[in-house]
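Below you'll find the structure, written out as structure tokens, and then a few comments.
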Amino acid sequence: MYDLKTFYGPNVGYVLDLYERYKQSPELVDEATRAIFATWSPEQEAAFAGSTTTAAVQAQDVTHIVAASALAHAIRERGHLGAQLDPLGGKPLGDPALLAETHGLHDEDLAHLPPAVIGGHAAEGVNNAFEAVEALRAMYSGTISYEFDQVKSPDERNWLRDAVGCHLYQHSPSTENARKLLKRLTQVEVFERYLHQTFPGQKRFSIEGTDALVPMLDEIITAAIDSETKEVIIGMAHRGRLNVMAHVLEKPYATILAEFAHAKHEEGVPLTDSFGYGWTGDVKYHLGAQYLLGEGNEVELKIILAPNPSHLEFIDPVIEGMARAAQEIRTVLGLPLQGVDRTLPILIHGDAAFPGSSGRDIESMAFAGVLGWWHDSYHRQ
């Protein structure tokens, strides 16, 4: 209780601020706090401060501690506003709360504070609060950023902070993997370029500007196989749909090109389990597809892209329902069991490429992101 070393960051500042009020006038603090401060010797306070500084200097340190803690919280909460996301080097939107000056701090002030004031993983392996703040900026305001302060569950927030602070999902690709990624992106780009040159003016909702969607799906599907998931159900808007069907669901190029030529064709596989075979008669960027990864009895994963004939938000609850139904295990007596790890729904909110990437893009240009999550995150809350 009397050892300030056991207090964390802003709590230290709060205690020292109360102590300053007590020294000015004991009536300014409550009775219980007065009883503690009455037996708190100046030597104990000096031991925490590391020197016999004056009360005025200590009060200034308290101000800096509180300000540094506020700066760290602002970076964790709004660091994405300062992230360098524009590939052309444009200045990020920013926020005054991300600046040390807004909190009345300078680099020298932070350099004289311990890293524990900032706390978290940013304070590990550094010498002072300035280095911890710089580490925090690199985490939240680099070329990749995160925004999850609105998450209500403290367990989920802590998990996300650990994932960011420990770089759990960041790695530098090997030369081999980098070449594979380049080859994959080249497939995506060449396919789009061919469609544009061969069918000028055709409505197709290009993937241009969001080319990374295909390798992202590759990674998610690979992880699903490693986790012994049996089925992946994808719901997405129109943008990039043809490229996903061609390269993720292995829909033949010839079939896609025939759709551009307005040649009716019979689907080789049903679009869903209940659709059956037949003439589609729908536009090419509304269609769904299905792909079995593996052969014969060695099928590792079933991938379904659900048809989406209307606005993108309508497909989201449909995918959730399809995934929930596919999770049911009916090989046992009684009510079906729910195998939450059997099926992975992926919702892709699209309609948009990098602004200015294509003058023929006719829909809004604000790619909102690609989200894939395990369905049990909903049913275990």
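Test Glu156 against the stated conditions and say whether it is loosely packed, with under 14 Cβ neighbours inside 10 Å, without any contact (Cβ under 8 Å) to a residue 40 or more places away in the chain, outside any loop (DSSP other than H, G, I, E, B) and acidic (Asp, Glu). Yes, satisfied.
Per the listing Glu219, Glu231, the residue uniquely closer than 16 Å to Ile346 by Cβ, surrounded by fewer than 16 Cβ atoms within 10 Å (Cβ to Cβ) and at pLDDT 90 or above is Glu219. None of Gly82, Gly94 is in contact with a helix residue (DSSP H, G or I) (Cβ under 9 Å, 6 or more places away or on another chain), closer than 15 Å to Glu134 by Cβ and not β-branched (Val, Ile, Thr) except Gly82.
Tell me whether segment 67-81 contains one or more residues that are aliphatic (A, V, I, L, M), under 17 Å from the mean Cα position of the chain (by Cα) and either in a helix (DSSP H, G or I) or within 30 Å of Ala212 (Cα to Cα) (or both). Yes: one or more hits.
In this entry, Tyr169 is excluded by the filter for residues that are hydroxyl-bearing (Ser, Thr, Tyr), at pLDDT 90 or above and open to solvent by 70 Å² or more (accessible area, probe 1.4 Å). Screening segment 301-346 for residues that are in contact with a helix residue (DSSP H, G or I) (Cβ under 6 Å, 6 or more places away or on another chain) and of a type in the set (Val, Ile, Thr) and picking the one that is nearest to Leu287 (Cα to Cα) gives Thr343.
Somewhere in segment 170-184, is a residue among the acidic types (Asp, Glu), under 26 Å from Gln327 (Cα atoms), out of contact with any His (no Cβ under 8 Å at 6 or more places or on another chain) and in a helix (DSSP H, G or I)? If you could, list the steps in order and put the result at the bottom.
Our first condition is that a residue be among the acidic types (Asp, Glu); within segment 170-184, this holds for 176.
Remaining after also requiring under 26 Å from Gln327 (Cα atoms): none.
Checked against the condition, which is being among the acidic types (Asp, Glu), under 26 Å from Gln327 (Cα atoms), out of contact with any His (no Cβ under 8 Å at 6 or more places or on another chain) and in a helix (DSSP H, G or I), segment 170-184 yields no hits at all.
Do you know which residues across segment 117-138 are over 11 Å from Ala72 (Cβ atoms) and among the aliphatic types (A, V, I, L, M)? Those that are over 11 Å from Ala72 (Cβ atoms) and among the aliphatic types (A, V, I, L, M): Val126, Ala138. Filtered by the rule that a residue be open to solvent by less than 90 Å² (accessible area, probe 1.4 Å) and either under 30 Å from Gly120 (Cα atoms) or not in a loop (DSSP other than H, G, I, E, B) (or both), segment 185-208 gives Leu185, Thr186, Gln187, Val188, Glu189, Val190, Phe191, Glu192, Leu195, His196, Thr198. Cβ-Cβ distances below 8 Å connect the following pairs, each with a first residue in segment 76-99 that is at positive phi, a second residue that is surrounded by 13 or more Cβ atoms within 10 Å (Cβ to Cβ) and among the hydrophobic types (A, V, I, L, M, F, W, C), and a separation of six or more residues or different chains: Gly94/Leu81.
The values are calculated or read from the model by the stated rules, or taken from the named source; none is laboratory data. The shown structure was predicted, so the numbers you read here are calculated from the model rather than taken from an experiment. For neighbour counting, all protein chains shown are included, and Cβ atoms are generated from backbone atoms with ideal geometry for every residue, glycine included. For accessibility, only protein heavy atoms count, side chains too; no ligands or nucleic acids. Shrake-Rupley method; radii C 1.70, N 1.55, O 1.52, S 1.80 Å.
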